[in-house]
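The next block holds one structure in the form of structure tokens; read it before the comments.
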Amino acid sequence: ILVDAPCSGEGTLRSSYKTYKMWNIKSVKNLSNIQKGLINSAIKILKPGGKVIITTPNCHGWGAYFFGQRWINWHVPYHRQFFSEKSINIVAEKAGLQTIKIRTITSSEWLHYQWIHLKMFPQKSTPSVFWSNRIQPKIFEKIWLYIFSLIHKFKFNHFITRFFDIIGLGDSKIYILEKK
């Protein structure tokens with residue numbers, strides 16, 4: 001069973017003051033209840049030996065450190081809290097599950113978008129060329145887009161993402177849990 005539960009709260013407080021101001025205990029409790037409900041529903045239909053897969057951005061991966069506040073996975077409201085191995089193990093144990101595998105995985109396509117996002121990051125209150133189809137890129141932005149497409153085409157992004165996944169510092173964590 002693959003559970004795509006919404007994130008619940010405090011993990012991205014360090015990403016910006018705006019994020020900090022958005023966070024409140026009521027929203028955390030509400031989303032936490034949704035998470036619990038989804039996971040409990042999955043566990044009810046899971047047979048012993050059945051597996052649950054949970055994915056979450058890895059705020060301890062290379063991307064979070066390298067890109068800092070401009071890391072593409074800091075995008076609120078989609079990712080508000082990031083699980084640690086310790087927190088996943090606590091949740092799993094309470095739910096009658098055991099963690100059987102943890103690994104990281106990073107899409108090279110996602111890294112391609114990250115480079116573009118980093119270079120095209122707009123000034124405050126200015127729409128992004130990257131996210132808007134209404135804004136035409138300037139000539140230097142078109143050049144950067146071309147350079148990034150070549151980097152991606154020649155698999156440079158793939159090499160980077162596989163390297164960091166091999167050493168466990170990829171951008172996303174995958175937890176495979178098994179029902180006892």
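Annotations
- Checking the stated criteria, Ile88 turns out not to satisfy the condition of being out of contact with any His (no Cβ under 8 Å at 6 or more places or on another chain) and at pLDDT 85 or above.
- Residue within segment 154-171 that is touching a residue at least 60 places away in the same chain (Cβ under 8 Å) and part of a strand (DSSP E or B) present: no
- Pair list, Cβ < 8 Å and 6+ apart or interchain, from segment 22-40 residues that are surrounded by 15 or more Cβ atoms within 10 Å (Cβ to Cβ) to residues that are outside any helix (DSSP H, G or I) and at pLDDT 75 or above: Ile39/Val52; Ile39/Ala95
- Of all the numbered requirements in (1) of a type outside the set (Phe, Trp, Tyr); (2) in a loop (DSSP other than H, G, I, E, B); (3) at pLDDT 80 or above; (4) closer than 28 Å to His117 by Cβ, Gly68 misses one, and that requirement is (2).
- Set side by side, the residues Arg103, Arg134 differ, and just one is surrounded by fewer than 14 Cβ atoms within 10 Å (Cβ to Cβ) and farther than 21 Å from Asn58 by Cβ, which is Arg134.
- Residue count, segment 137-180 (criterion: over 23 Å from the mean Cα position of the chain (by Cα), among the basic types (Lys, Arg) and either surrounded by 15 or more Cβ atoms within 10 Å (Cβ to Cβ) or within 18 Å of Phe66 (Cα to Cα) (or both)): 1
The values are calculated or read from the model by the stated rules, or taken from the named source; none is laboratory data. All figures in this text were calculated on a predicted structure; none of them were measured in a lab. Every residue, glycine among them, receives a Cβ derived from its backbone with ideal geometry; neighbour counts consider all protein chains shown.
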